[in-house]
There are 2 protein chains.
Amino acid sequence: MRHNAGMLELAILGFLHDAPLHGYELRKRITALTGHVKPVAESTLYPAIKRLEKAGLLARETRPGAGAAPRHVLTLTAEGRAELRRRLADPAEGDITDENRWFTLLSFLRHLDDPARQAAVLERRLAFLRRPSSFFYEGDRPLRAEEVEDPFRRGVLTIARATSQAELSWLRRTLDALRTGDGT
Amino acid sequence: MRHNAGMLELAILGFLHDAPLHGYELRKRITALTGHVKPVAESTLYPAIKRLEKAGLLARETRPGAGAAPRHVLTLTAEGRAELRRRLADPAEGDITDENRWFTLLSFLRHLDDPARQAAVLERRLAFLRRPSSFFYEGDRPLRAEEVEDPFRRGVLTIARATSQAELSWLRRTLDALRTGDGT
DNA sequence: GCGCAATACCTCCGTAACGATGTATTGTCC
DNA sequence: GGACAATACATCGTTACGGAGGTATTGCGC
């Protein structure tokens, strides 16, 4: 079973772990989560629900539906909950490196009910952020913002560095908290 | 002619605007630009080159190739340069809202040889960043980091805010510079 | 009583993207 | 001399995604 992309699938599993929902409501929640960056089309959501249902990760129960068409209320199965935890505990490399996917993963990481495993995931992100890398190179040497003349490219580096620094300090604080075992 | 996704295509056009390159070298440059976030598969690049060639945006010239297979040196046509400028001047909404796509766009925005048009693009990003939005809501009200208990979700908001602030200040500085017309 | 938005689901079709694999050559390490 | 990485391109099969459209109901404004 591959678990390469499917941020959408992760979001579905994550939201359904909180409470059973029907597709339309699920769509609204996913739109709230990631819609300002990248909207979810219904023609992407419904096939994804079917995939997960066919894989036995969620169950469907038809109910009379207030307002219009009958609702298909979706509930995570035991396998679905297990799969969610597997995806959270052992994310693909792209889930670590791509900010959009990383944010989605973080949004549901609390469902991984084990501080040590949560910390291990944060460590992977920490390792990624510490790897020296840039968007622009001179030969093999990554260029710093100050060395780039183009103001737009300089902007990319300036913004990326600010993000990186904010995230590094958050990661260190949170890892400390996870290790000392408090809930703050 | 639609210009919805295709960050890959934009990167190809952008790099070739600087200099003619063969596919393999193009791949290395694209990998340097966005590879740390999301690697480019060869099986994605070569079809993209063919698409652009078929659309008349680039021309191919076969040369003996140092080392191995013959190189196909790719050059932007006049239409290719025009198309690049069109995509830069009038980006799709997703190019503005998705950070990965936005960074790619910024990396080549200098090829849009008109400070007023460049400023107009930055204005769109500015407007997007100013729209009140969150990843998490209580009803319709966007939640601030302080209101979220889950430390991971709080992290998402903390990091996003830091990014947003860094980018807003960069945008304002750069817009000022574009309007007063200096090269700094 | 007509249009329209919201609710709630669905399918078709085209394209984009990925992983796997293939082909062929040169240079390097051991 | 044999394995292996790098150079350089390509195809194949599958999935993922998005736009456009379809169906059906309730309730609101005018």
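The values are calculated or read from the model by the stated rules, or taken from the named source; none is laboratory data. The structure displayed is predicted, hence computed values, not measured ones. A quick note on method: Cβ atoms are made from the backbone with ideal geometry, for glycine too, and the neighbour counts reach across all protein chains shown. Each accessible area value is taken on the protein alone, full model and side chains, heavy atoms only, with ligands, DNA and RNA left out. Shrake-Rupley method; radii C 1.70, N 1.55, O 1.52, S 1.80 Å.
General remarks:
- Residue B:89 farther than 15 Å from residue B:9 by Cβ, exposed (fewer than 12 other Cβ atoms within 10 Å of the Cβ) and out of contact with any Pro (no Cβ under 7 Å at 6 or more places or on another chain): no
- Lone qualifier among B:13, B:88 - being more than 8 Å from DNA strand D (Cβ to nearest atom), more than 29 Å from residue A:129 (Cβ to Cβ), under 13 Å from the mean Cα position of the chain (by Cα) and within 12 Å of chain A (Cβ to nearest Cβ): B:88
For every residue, the table says whether it meets (1) over 30 Å from residue A:153 (Cβ atoms); (2) open to solvent by less than 50 Å² (accessible area, probe 1.4 Å); (3) of a type outside the set (Ser, Thr, Tyr); (4) within 11 Å of another protein chain (Cβ to nearest Cβ).
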| site | (1), (2), (3), (4) |
| --- | --- |
| B:119 | no, yes, yes, no |
| B:124 | no, no, yes, no |
| B:129 | no, yes, yes, yes |
| B:135 | no, yes, yes, yes |
| B:143 | yes, yes, yes, yes |
| B:146 | yes, no, yes, no |
| B:150 | yes, yes, yes, yes |
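- Lone unmet requirement of (1) touching a Pro at 6+ places or on another chain (Cβ under 9 Å); (2) within 15 Å of DNA strand D (Cβ to nearest atom); (3) part of a helix (DSSP H, G or I) for residue A:110: (2)
- Selection within region A:39-55 - in contact with a helix residue (DSSP H, G or I) (Cβ under 9 Å, 6 or more places away or on another chain) and either part of a helix (DSSP H, G or I) or more than 23 Å from residue B:153 (Cβ to Cβ) (or both): A:42, A:44, A:45, A:46, A:48, A:49, A:51, A:52, A:55
- Residue in region B:31-38 that is within 10 Å of DNA strand C (Cβ to nearest atom), assigned to a loop (DSSP other than H, G, I, E, B), open to solvent by 10 Å² or more (accessible area, probe 1.4 Å) and in contact with a helix residue (DSSP H, G or I) (Cβ under 7 Å, 6 or more places away or on another chain) present: yes
- Restricting region A:39-58 to residues that are of a type in the set (Gly, Ala, Ser) and within 13 Å of DNA strand C (Cβ to nearest atom), the residue that is surrounded by the most Cβ atoms within 10 Å (Cβ to Cβ): A:48
- Among residues of region B:81-96 that are assigned to a helix (DSSP H, G or I), none has a Cβ under 6 angstrom from a residue that is small (Gly, Ala, Ser) at a sequence gap of 6+ or on a separate chain.
- So residue B:175, is it outside the structural domain of residue B:13 (by TED's automatic domain parsing) and open to solvent by less than 20 Å² (accessible area, probe 1.4 Å): yes
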